[in-house]
Each structure stands twice: as structure tokens, then as C-alpha cells.
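Laboratory data are not the source of any read-out in this text; all were calculated from the coordinates shown. Treat the numbers as computed from the prediction; the structure is a model and nothing was measured. As a convention, Cβ positions derive from the backbone with ideal geometry for all residues, glycine included, and neighbour counts pool all protein chains shown.
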Amino acid sequence: MKDRLAAIAAELPADYADIRFEENRKVRILYEGKKLSEVAMTAMSGGHARAYANGGKAISSFSDPERAGPIAESTCNSAALVGTLRDKKLRLAEAPVIADSFLLSPAQDPRRISLKEKLDLATHYNEMILAEPNVITSQTYYDEFASRRVFVNSEGSAIEYELLNCGIVGFIVAKKGNVVQRVRFAFGGCEDFGRLLGREDDLKKQIVKACELLDAEPVKAGIFPVILDPSEAGVFIHEAFGHLSEGDGLQNNPAFRDRLKLQTDLGRPILNATDDPTLEGRPGHFVVDDEGVRGVKTHLITEGVLTGRLHSRETAAEFDEPLSGNMRAVDAPFTPLVRMSNVFIEPGDSSFDEMISSIDHGYYLVGSKGGQTSGDQFTFGAQWGFQIDNGRLGPMVSDINMSGELFSTLQAISMVGDDLRFNERGGCGKGTPMQTNRKSGTGAPHVKIDAVTIGGV
Amino acid sequence: MHALIEQARKTVDQAELYWRRRRTLTVGYQNYALQQVEENDLSSVALRAIDDGKLGNAYGIFPDVNGLIDDAKASAGYGDRATFSFAPAASYPTVETYDEQTAQLTSQDLIDVCETIKGRIHKALPDIPFGIRCQAETSDLLVESSEGAAGESRSTGFGIVFGASFRGVGTRILKGERSISPFDVGGSLIDEFIEWYRWGEDTSTPSTGRMPVILAPEAAFLVLLPLLMGVSGDLVSKKTSPLLDRIGEPIFSERLTVIDDPLASGDPNGRPFDDEGVPCAAKPIVEKGVLKDYILDLRSAAALDRSSNGNGFKRALFGGGAEASPTPWFANPQIEAGDESWRDLVSGLKEGLLITSGMGFHSGNYPQGQFAVQAVGYHIIDGAVVGRLDKTMISGDIYKDLQNVRAVSRECRPGVGSLLSAGKAPYILLDSLQVAGA
């Protein structure tokens with residue numbers, strides 16, 4: 001396949017063209033309550049072609065590998081058409097030609113574990129959840145994604161590489177009277193199946209929290225100082241800042257480009273943020289991206305100053321900044337986008353106790369519950385929280401969603417903890433159509449923000 | 001019968017095939033410049049099998065057919081007890097879903113449509129980061145089962161979404177339309193975009209407290225997605241729905257009627273059959289505030305000792321498609337129009353909000369009817385818009401806050417750019433929602 005695609009790419013009528021072909025396997029096991037709703041396997045193959053011609057760009061996805069040649073050629077023609085209608089021609093940054101293989105061999109390879117063993121593990125955790133009296137139902141989901149990819153381009157790169165991750169994720173749903181609460185749990189998120197084993201104590205903690213939430217009061221609406229736990233702070237740096245470090249989002253937005261020039265002051269000197277795909281065992285680990293570029297560590301914020309950005313070859317040329325290797329597609333039908341790998345806040349020197357005692361009236365928010373961003377506006381939820389009154393943790397609160405504006409919120413980060421932790425499970429949605437990427441990790445220590453808006457009763 | 005079903009029947013007791021070929025042509029503009037042309041041709045397949053009383057699933061994109069059957073059989077070996085049979089033979093309603101003109105569109109045709117919109121907006125707002133996405137789609141869908149279901153349909157879709165972020169910030173405004181046939185975007189929609197964009201050039205933050213809120217059609221997902229969860233046979237059968245045992249009871253104000261109408265002619269969400277091969281039908285969900293029925297797929301229907309009412313779709317809040325399991329989902333939800341002009345709703349407010357979207361919806365407890373989102377929209381004072389909302393969140397519970405609906409507009413539109421890709425809704429004026437602001 002690689003040689004055939006390389007021969008096609010070499011002859012395409014374009015300034016630049018590439019073809020990516022994937023053969024992917026997925027395994028899904030889903031419990032919904034006692035019911036084993038699904039044991040499913042997916043086999044998918046498909047390709048994606050991109051072309052730059054005459055300063056224009058076109059892309060195509062296809063199912064049938066026999067049609068790769070004519071589809072790639074048609075893509076080149078479309079790119080040339082786009083070029084005739086653009087005043088400003090698109091360019092690509094130069095990148096090294098890579099002819100290599102990057103295959104994976106994790107300690108416990110999920111591809112070599114039987115379906116029965118995976119099912120037994122999901123069954124075990126699901127039964128643990130359902131054994132709790134207040135739990136009315138559960139969702140326990142094992143998923144595994146194994147992708148073997150071939151990438152070739154018209155410059156001579158020819159790469160075979162693999163992506164792999166497995167995880168167990170789900171919800172514990174507890175009910176008391178008319179109150180229903182859900183708490184999420186997640187293990188794994190990397191190549192190693194061993195990370196999923198022996199997690200009973202971690203699961204038990206989440207089950208206890210789901211039950212405690214039934215007696216928690218809904219959070220009050222208003223503007224408060226908050227402390228985010230590492231899980232929540234990791235999602236914050238991903239949602240609020242990370243997406244604005246992706247070059248493709250800024251490329252055609254002059255206002256944000258202006259506000260996010262390198263060397264701009266974004267926060268206090270205690271704030272440092274990094275993207276690093278080289279961190280093995282984290283969800284966002286990879287060697288080469290889906291544009292044939294090696295992923296490298298990028299210091300995004302250094303002592304409060306914007307020092308780096310994530311790029312494709314196109315955006316690196318546009319911004320005249322170094323390549324970072326962050327151009328990734330989740331699956332065969334999709335085009336690559338600039339995406340974070342493992343993004344995290346570097347540890348500071350504040351202790352958790354110091355942070356709590358610094359707040360007269362606010363909240364300690366725990367556990368990521370997803371988020372959304374639109375430019376400088378962000379919103380994200382917390383699984384649960386605690387009131388902070390007079391420097392002490394108070395009662396538990398529920399139903400927490402918060403929002404803010406990036407630039408003022410980054411400046412409002414007044415304390416950074418010394419306890420960096422990474423979330424195990426990755427996840428990020430981006431693009432139209434939405435590409436939901438598991439291979440996107442987050443991490444942070446505890447972080448204090450002086451003011452965020454909280455939606456509540 | 002499809003060859004794959006016949007082949008599967010040799011090794012399993014029952015089989016169901018979902019096969020879809022989707023060809024799309026998309027042109028995208030950003031910052032007033034053509035960015036790229038995208039042309040996709042993708043086939044996806046799902047095979048469900050019941051073997052020895054157990055259910056198995058396999059999915060593929062251009063897969064090896066024999067491998068697909070082997071995977072489905074292996075999956076059934078570990079699968080749960082099948083509580084239902086695949087759909088039997090049925091006659092399907094006729095729904096107008098295809099227009100040959102759409103199928104013949106070229107990238108140049110789509111570029112021409114976009115250039116017209118671009119030209120009109122550029123005259124009024126030359127320095128905004130304006131973008132357009134125009135897509136033509138042709139889909140072939142086949143759903144067959146060994147029990148006799150044999151649905152086959154061809155459909156087209158033509159959609160345009162355009163909009164821009166407000167200058168210097170990420171908050172954006174989107175407008176759009178969709179049909180099965182090509183169309184020119186009307187001047188009124190373009191004029192409305194220009195008016196709304198200008199409304200938002202200044203910001204305003206309301207004070208914290210309860211106040212009247214108008215939900216625009218684009219924000220109807222704040223109501224329809226929690227309602228979808230509430231009427232889902234899946235949640236009802238698991239007894240986690242807040243609408244459990246409430247059929248026949250009032251759940252909303254009597255001003256609200258919600259129907260699910262997959263038979264709407266010329267609507268790109270029209271469907272003669274669902275993703276399990278069960279005939280689709282138009283049905284009231286909420287009539288004058290009273291809950292009329294749940295929506296069911298084969299599995300939840302069996303759990304509730306009923307028949308599927310044709311709402312088994314491979315959809316999800318994010319994602320969906322061949323890989324998703326069928327689950328109860330709206331085909332094409334419509335909140336019925338009222339009789340007032342939406343502009344009168346705005347001009348009648350002393351202070352209130354016009355909400356066009358809400359960020360962070362999925363982080364909330366929406367299956368129970370609750371939402372707490374960053375409010376995207378406008379602040380109204382003395383009957384006039386004073387600016388776009390800034391630093392504002394709204395939160396509510398549809399089963400409490402929709403008890404008091406003051407008015408519903410006569411204008412009804414698709415919720416373009418929202419989390420819910422299908423459906424239409426009017427502007428809905430709620431007596432009050434909780435607002436977190438200054």
C-alpha cells in the first residue's frame with residue numbers, strides 16, 4: 001500500500017500533495033446498568049488526500065483504496081481552482097522528509113488481550129458500581145482504538161505509524177427522592193491495558209462521591225474566587241487557552257492574531273503552560289502527526305508570557321513560526337486539524353492548604369465534566385465542589401458550570417499549586433464535522449482563580 | 001434481500017444491515033476568503049446479528065464483508081440476551097427527500113452561492129471575520145433485516161451557514177438555512193445577520209437575578225435536548241427519566257406543542273424509515289403542554305412492552321453515524337409557532353435577554369431537564385437591544401421554567417449551528433430564568 005500510494009503522490013499535479021490511508025480496529029463494550037448493551041467491533045479503512053496547488057487547497061476523503069489515484073488527482077484540480085480565487089496564496093513551511101516506521105509495543109498490548117478478558121474487566125467494575133444501594137444505574141464503557149496508518153507525500157515522505165489507546169470510562173448514576181446525580185470515572189487512555197487493572201479503590205472513591213452529591217445543595221449563581229483541582233485546571237487550560245494556541249483557529253481571525261502575538265503578557269510570572277506529545281503513557285502521546293511532521297514539546301506560556309504556538313505546516317508558514325507537529329486527524333474519513341497533544345500547567349510552589357486559606361468566600365471545584373470554548377469565551381463544568389468560607393472547606397455543592405473570558409481569567413490566576421497531576425483519559429472535540437479526539441491529554445496542579453462566573457440557583 | 005444479509009443468515013439467526021453511502025461537496029470561506037473545497041465519498045456499514053438468542057454488532061467503513069460477519073457473530077458470542085427481533089416487513093410512507101439538482105451541483109456552483117452572500121455582507125460589514133460553509137450532499141441509505149424490513153432511500157441536502165465572531169472576541173453569530181434543494185439565501189436573512197451583528201458591537205451585562213428570557217430558534221436545543229432525554233424510551237425503561245409515568249400530565253405551559261415530524265416534504269430531515277427499518281410517523285410529543293408519548297427504538301420498545309414508533313436512530317449528542325447504536329432520538333422535532341411577532345416579544349420587555357445559544361450545555365445535568373450555560377445573545381432594556389451579553393450565565397430546569405411561557409412567536413426557523421442538527425422552533429418568551437451576571 002505504502003509504495004503504491006507513494007507512486008501516486010509523486011505524480012500528482014500539485015505544488016504539494018499527501019495521502020493518508022488507515023486500517024483501524026475498534027472494540028466497544030458498553031454496560032448500561034445491568035444490561036450489556038453492546039459488544040461491538042469495528043473494522044474500518046479509508047483514505048484522505050490533501051493538495052495545495054496555485055496557492056489554493058482542497059481535501060477529499062474516500063473509502064475505496066482503488067480510487068485513491070483519481071480522487072487525489074481531482075483534489076489537485078480543486079485546489080488549483082481555489083487558488084485562482086484567492087488573493088493571498090497558501091504556503092507550507094518546509095519540513096524534513098521522513099521515511100520510517102513508528103510502531104507501538106506497549107507493556108500490555110490491548111490488541112493481544114482477548115475480548116473475554118476485556119468484557120470480564122468491564123463486568124467487574126460495573127458490578128462494583130451497581131452494588132451500592134443508592135446507585136440506580138451505570139454506564140461502563142470499555143473502548144479501544146488501534147490505528148495503522150500510512151502517510152506519503154509528494155516530497156518523498158513515506159511513513160508507517162500506529163496509534164493505540166484503550167480505556168474504561170463511565171458514569172455512576174445515584175438517586176435519592178427526586179434528585180438524580182451522575183459522577184464520571186475514567187481509567188487508562190493510553191496504549192497500556194495494564195493501566196486499567198486494579199483500579200477498584202479509585203472507582204470506589206467516585207461511587208462514594210456520587211452518593212454524597214445526592215445531599216449536596218446546588219451551587220449559588222454569581223462571581224466567586226475558586227480553586228480548581230488538577231483535573232478541572234487541566235480542562236481549563238485546554239479549553240480556555242489551549243484552543244487559542246492552535247494556529248488554524250487564529251489564522252483567519254485578525255483580532256485574535258493581534259491579541260496573541262508571541263511575547264504578549266498573558267498572566268502572572270507563576271503561570272507556565274506546555275504542550276508535549278513526547279510524554280509516553282499520556283493520552284496525547286505520538287511520534288509523528290498526520291502531516292508527517294515529528295511532534296515536539298512546545299512551551300506555550302513561560303512565566304506569564306506567550307512563547308509558543310501549535311502549528312500545521314500551513315499555519316507555521318503563515319505565522320513564520322517553528323513547526324510543532326500538531327496536525328492530527330481522529331480517523332480515516334477526517335482531515336487533520338491543529339490539535340493539542342498533552343497540554344498542561346507546569347507546577348508552581350503553593351500548597352493546597354495555602355490556597356484554601358486565602359479565600360473568604362468561594363468554591364473548591366473538583367473533577368472535570370467537559371467544557372466548550374468559542375474564541376476567548378469558555379464554559380466548563382465540575383463534577384462536584386465545596387464551599388469555602390473564611391479559609392476553610394465547607395459543605396459539598398452540586399450542578400456546577402462556570403464561564404469566563406480567557407484573557408481576564410488568565411490574569412486572575414493568582415496561585416499555582418505544587419502538585420501537578422495528569423488526567424488519565426483524554427478527550428477533545430473540534431472541527432466541522434466534529435472530530436472527537438481521545439488522544440488529547442490534560443494536566444495541572446491545583447490553581448486559584450480570583451473571579452469566575454458560576455451559573456447556579 | 002441484500003447479499004450480505006443472505007450470507008449472514010448462513011451463520012447467525014437474525015441479521016440487520018445498515019448501509020450508507022454519503023457524498024458531500026463543501027466549500028468553506030473564512031475571513032471573506034475561499035479556504036478550501038472538500039469532496040468526500042464514504043460508505044459505512046453496520047451489521048447487527050442475533051445468534052443463539054444473543055445480540056452482536058459490527059461496524060465498518062469499506063470493510064471486508066466476511067470480516068464484518070465474523071465480527072458480528074463473535075460479538076454475539078459475548079453479547080447480551082436479545083430482547084427484541086429485528087424489524088419485520090413494512091410499507092413505508094412516501095417522503096420527498098431527493099432533488100436531482102442538488103446531486104448535480106459542482107464546487108463552482110457552491111462558490112457562486114457563497115460569493116453572492118459574501119458580496120452583500122461585505123458591503124455592510126467589510127472588516128469582520130466573516131465565514132461561510134456551503135454543503136451539498138447526496139446519501140443512499142439501505143436498512144434491511146432478515147425478518148423482512150427493506151428500506152431504501154436516496155436523499156439530498158443543501159445547507160448554508162454563515163456568520164462571524166464579533167470584533168476582537170470569540171462570541172459569534174450564525175445564520176443559515178437548509179433544504180433538499182438548492183436555494184438562494186434570502187435578503188431578509190442577510191439583513192437580519194447585519195442587524196444582529198450591529199446589535200452586538202457593544203456589550204452589556206445584566207445583574208444577577210431572575211428575568212424574562214426569549215429563546216431564539218438557534219437556542220431551542222436548550223429545551224429540545226433535555227426533552228429528548230426525558231421522552232427517550234431508553235431513559236424511561238431504565239427509570240431515570242424525569243418524565244417516567246407522566247404521559248397525559250402537563251409538563252410545560254399550554255402554549256407549547258412539540259411534534260416530531262419525519263414526514264415533512266422537502267425537509268432534509270425527512271425520513272420514511274428509521275435506522276432499524278421501522279416506518280417513521282409524525283407524532284405529537286407535547287400537546288398544549290401535556291406529555292403525549294415517548295419515543296422508542298426496538299430495544300426500548302421491547303423493554304416497555306410496546307412497539308417501536310420509528311425513532312431508532314444512530315444519533316448522539318456528539319458523533320453518531322453507522323458506528324453508533326440505534327437509540328431513541330427525534331427525527332425532526334418541531335416546536336409549533338404561536339401568533340406573535342418575535343420583534344414584538346423584544347419590544348415588550350422592560351428588561352430581559354434574547355438568547356441565541358448557550359455554551360457548555362453538555363457539562364450540565366441535561367438528562368434531568370437542567371442546564372447552566374454561558375449565555376450567548378443580547379441584553380434588552382426598555383424594549384430595545386442594548387448590546388450582546390457579556391460575563392453572563394443562565395440556568396434553568398425546563399420542567400419548571402417552561403411552565404410559565406408568556407408568548408410564542410409566529411416565526412419558526414431551523415436551529416442552524418446548534419447542538420441539535422434537526423428541527424425547527426419559534427422564539428419562546430419565558431417568564432423568567434435565573435441569570436448570573438454582574
Relative to the first principal axis of the alpha-carbon coordinates of chain A, what is the inclination of helix A:200-213, with its axis defined by its Cα atoms, in degrees from 0 to 90 and to the nearest 10? 60 degrees
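Mean projection of the alpha-carbon convex hull of the stretch B:256-309 over all orientations, in nm²?
So the Cα hull casts an average projection of 4.1 nm².
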Mean per-residue count of partner chain Cβ within 10 Å for A:139-148 equals 0
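Out of the stretch B:159-238, which chymotrypsin sites (Phe, Trp or Tyr not before Pro) are coil in DSSP terms and have no more than 14 other C-beta atoms within 10 Å?
B:PHE183
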Ranking B:HIS379, A:HIS361 by Cβ neighbours within 10 Å, fewest first, what do you get? A:HIS361, B:HIS379
Under the 7 Å Cα-to-Cβ spin-label approximation, B:ASP382 and A:ALA131 lie apart by a distance in nanometres of 6.7 nm
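Between B:ARG21 and B:PHE183, what FRET efficiency comes out of the Förster formula 1/(1 + (r/R0)^6) with R0 = 25 Å and r the beta carbon distance, rounded to 0.05?
0.55
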About the Cα centre, charge dipole magnitude for chain A (Lys/Arg +1, Asp/Glu -1 at Cβ), debye: 980 debye
Number of partner chain Cβ atoms within 10 Å, mean per residue of A:157-163: 0
Pull out the extension gain between A:SER114 and A:THR436, defined as 0.36 nm times the separation in residues minus the alpha carbon to alpha carbon distance; nm, one decimal. 113.3 nm
Rounding to the nearest 20 debye, state how big the charge dipole of the stretch A:218-455 is about its Cα centre with +1 on each Lys and Arg Cβ and -1 on each Asp and Glu Cβ. 440 debye
Report the one residue of A:THR442, A:MET402, A:ILE159 whose Cα lies farthest in the direction of the positive end of the charge dipole of the protein assembly as shown (charges on C-beta: Lys and Arg +1, Asp and Glu -1; origin at the Cα centre). A:MET402
Would you mind checking the tilt of helix B:65-78 against the longest principal axis of the Cα atoms of chain B, expressed as 0 to 90 degrees and rounded to 10? 90 degrees
Label point 7 Å out from A:ALA99 along Cα-to-Cβ: which residues of the stretch A:146-176 have amide N under 20 Å? A:149-162
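What is the mean number of Cβ atoms from other protein chains located within 10 Å of the Cβ atom of each residue in peptide A:430-436, rounded to a whole number?
Shielding by partners across A:430-436 averages 3.
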Just name one of A:ILE270, A:PHE256, A:HIS285: the one whose Cα is farthest towards the positive end of the charge dipole of the stretch A:248-296 (beta-carbon charges, Lys/Arg +1, Asp/Glu -1). A:ILE270
Can you give the angle from 0 to 90° between the axis of helix A:68-84 and the longest principal axis of chain A, with both taken from C-alpha atoms, to the nearest 10? 90 degrees
What nm distance separates the two modelled labels at A:ALA10 and A:GLU66, each placed 7 Å from Cα along Cα→Cβ? 2.5 nm
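Using a 10 angstrom Cβ neighbour count of at most 13 plus a DSSP loop assignment to flag exposed trypsin sites (Lys or Arg not before Pro), which longest range of chain B is free of such sites? Write out the running numbers ahead of the final one.
Details: sites that count: B:LYS10, B:LYS239, B:LYS350.
Looking at chain B, B:11-238 is the longest stretch - no exposed trypsin sites (Lys or Arg not before Pro) with at most 13 other Cβ atoms within 10 Å.
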Would you compute the Debye intensity of the protein assembly as shown from its alpha-carbon atoms alone, equal scatterers and no solvent, and pass along log10 I(q)/I(0) at q = 0.06 Å⁻¹ to two decimals? -0.38
Return the distance in nm (one decimal) between the two label points of a simple spin-label model at A:LYS261 and B:GLU287, each offset 7 Å from Cα along Cα→Cβ. 6.5 nm
Distance between Cα centroids, the stretch A:26-54 to the stretch A:272-331: provide it in whole Å. 25 Å
Under the rule rounded for a/c under 1.5, else prolate if a/b exceeds b/c, else oblate, using alpha carbon gyration tensor axes a ≥ b ≥ c, chain B is classed as oblate
Estimated dipole of the stretch A:2-215 in Debye, rounded to 20 [Cβ of Lys and Arg +1, of Asp and Glu -1, Cα centre]: 660 debye
Local net charge near A:ARG91, Cβ-Cβ under 12 Å (Lys/Arg +1, Asp/Glu -1): 0
